[in-house]
1. Considering all projection directions equally, how large on average is the shadow of the alpha-carbon convex hull of the range 71-142, in square nanometres?
2. Treat each spin label as a single point 7 Å out from the Cα along the C-beta direction, and report the Ala101 to Leu80 distance in nm.
Amino acid sequence: MGLIESLFTALFGSGRNVVKETVEVFRENAEAAGQREAAAQAAALEQFAREFGTEQRSGFDRFMDALNRIPRPAMALGTLGLFIAAMVDPVWFAARMQGIALVPEPLWWLLGAIVGFYFGARAQTKGQEFQRSIAATLAATPGVIRNLSALQALEAGAGERAANPPAAEPVAGTGPNAALEDWRAGR
């Protein structure tokens, strides 16, 4: 027993834990790390409270903070409004987009730079891609108008056309399918 007792005394005796101290050299003590993290968070919250405390803020500061919070929600809600407008009245929406198509290129670059500085450089790239997609959507507007008028005619029960809709036109570049013809011949 003397050997084991002296070994345990060497490892854990005199108020020290040599194994624990050795392990903490290689692995962080989770409890101590949690205490340090809590102290850091408390210090950060205290700093924010001092910096953004309402007792020392002027009316102008509060107004500017409110003004800085407007653009993102306004852009998000405005975009949703554009989607709703496009669904409610596509022709009205297409007319507005035609007006946007007349905006000169330098003005688009200026708007892209302003939004880019406000939201980050990524917004400029996405904005230019969005502009190209708007042009493609506007090019499809006449087809959408034809489809809407055909749907309205169907809904109104416009006689022969409602009962016998026109046959679908084949997609350009498609011809007879040789594999399908062989399959049909084999049946």
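Bear in mind these aren't lab numbers, they're just calculated from the coordinates by the rules spelled out. Because the structure is a prediction, the values reported are computed rather than measured. Glycine gets a Cβ as well: all are built from the backbone with ideal geometry, and neighbour counts include every protein chain shown.
1. 4.9
2. It works out to 2.9 nm between the two label points.
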